[in-house]
Amino acid sequence: MRSALAISLLFAAAGSAACGPANSAGDRVSVLGVDRLSGELSAVEVDLPGVDLTAVRGPAGVFSQGGAAPDCAVRRKVSGALVARTVRCVTLLGQYAAMDRARQFLLSAGAEALPPAPVAADSEVPGLHYLSTIDAFTLGDGPRSARVPAAYNPGAVVRELSRRQLRSLAESHAEDAEGIALFLGAVASSDPGYLAASDPAGDPAGDLDLARPLPAGAPASAALAGALWAWADATGDLVSAARAVLAASRAVDRGAPVGILSLVIAQLDGVERDQACAVFRARASRIPACP
């Protein structure tokens, strides 16, 4: 399906003229992406100002294949949008656009504006994966038969970019960092079960859904993410909840076992504090910040 959609983009560009290597402000780019209404992979037009389209590099990351920058010639469609000339480059630009969208979400939630990291876009492992030891990403197509390839899944991509944001926290509180990243992916996609879309088997038992009771033996990170999602959903303001959680992650004393939930509670008062305490008690163990 992905290749067929990419090929359709190329046919749609027939009769257009070649353009320069870099995208300027105001230019739209035709890529593969997840349609916001249907949730399916389709051809979409996005804004990627300041991105070098031919080399697939910009604020979200610096792509490479086989150790070298991609060579992606582009041209302009009749509609005025830009499109890559090859199927592979349509795919790469779609994957870059997913990273750029994730980056914009994290910035809106108060994350740090990190410099672009290297992205090895020829991995055999499906999806985007952050490697903290070298501060870089690997990126691969697939998995096959998934409804949405992992590299285009908004929540999955946000989770990986969040792992980079939280790499310092992960050094001393790995489960907290992983739980926050899992939670931020749910907020970005407005879907507590976002990982199922990129799992070929789906999620018939609901084990990947943060809104459902956790299965026996679930990791502490999943418990944290589930508690945070329950609270964020109850507030009705997912982005504000994400801001509070990111602020809590920055307030963690790296040498003390202070929980993220207590640091979230510390930012609230009145009815909001009481609501959060009630939700956290129902989904987690005792919260020191709650009487």
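The values are calculated or read from the model by the stated rules, or taken from the named source; none is laboratory data. Only a predicted model underlies this, so the values are computations on that prediction, with no experimental measurement involved. Cβ placement follows ideal geometry from the backbone for every residue including glycine, while neighbour counts extend to all protein chains displayed.
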(Q) Test of understanding: among L214, L210, which residue is buried (at least 24 other Cβ atoms within 10 Å of the Cβ), more than 21 Å from Q104 (Cα to Cα) and not assigned by TED's automatic domain parsing to the domain that holds A151? (A) L210
Q | Filtered residues of the stretch 182-205 (kept if in contact (Cβ under 8 Å) with a residue 24 or more places away in the chain and in a helix (DSSP H, G or I)) | A | L182, F183, L184, G185, A186, V187, A188, S189, Y194, L195, A197, S198
Q. What number goes with the only condition from (1) surrounded by fewer than 22 Cβ atoms within 10 Å (Cβ to Cβ); (2) in contact with a strand residue (DSSP E or B) (Cβ under 9 Å, 6 or more places away or on another chain); (3) assigned to a helix (DSSP H, G or I) that T54 does not pass?
A. (3)
Q | Enumeration of residues in the stretch 119-133 that are closer than 21 Å to L169 by Cα, over 15 Å from the mean Cα position of the chain (by Cα) and touching a residue at least 12 places away in the same chain (Cβ under 8 Å) | A | S132
Q | Residues satisfying the stated conditions in the stretch 223-252, i.e. touching a helix residue (DSSP H, G or I) at 6+ places or on another chain (Cβ under 9 Å) and not in a helix (DSSP H, G or I) | A | V252
**Q.** Tabulated pairs, the stretch 75-98, first modelled with pLDDT of 95 or more, second aromatic (F, W, Y), C-beta under 6 angstrom, 6+ apart or interchain
**A.** A98/Y152
Q.
Out of the residues in the stretch 57-75 meeting the condition of being of a type in the set (G, A, S) and buried (at least 17 other Cβ atoms within 10 Å of the Cβ), tell me which one is nearest to the chain's Cα centre (by Cα).
A. A60
Q.
Please go through (1) in contact with a Pro (Cβ under 9 Å, 6 or more places away or on another chain); (2) within 21 Å of P143 (Cβ to Cβ) for A197 and return the number of the only condition it doesn't satisfy.
A. (1)
Q. Does the stretch 141-151 contain any residue that is crowded, with 20+ Cβ neighbours inside 10 Å, over 16 Å from the mean Cα position of the chain (by Cα) and outside the structural domain of D253 (by TED's automatic domain parsing)?
A. yes
Q.
It is to be established whether one or more residues within the stretch 17-24 are surrounded by 13 or more Cβ atoms within 10 Å (Cβ to Cβ), at pLDDT 80 or above, of a type outside the set (A, V, I, L, M, F, W, C) and under 24 Å from the mean Cα position of the chain (by Cα).
A. no
Q: Inspect all residues belonging to the stretch 206-220 and state whether any of them is in a helix (DSSP H, G or I) and either touching a His at 6+ places or on another chain (Cβ under 9 Å) or at pLDDT 95 or above (or both).
A: no
(Q) Quick test for you: out of I265, I260, pick the one residue that is more than 25 Å from the chain's Cα centre (by Cα) and either modelled with pLDDT of 95 or more or not small (G, A, S) (or both). (A) I265
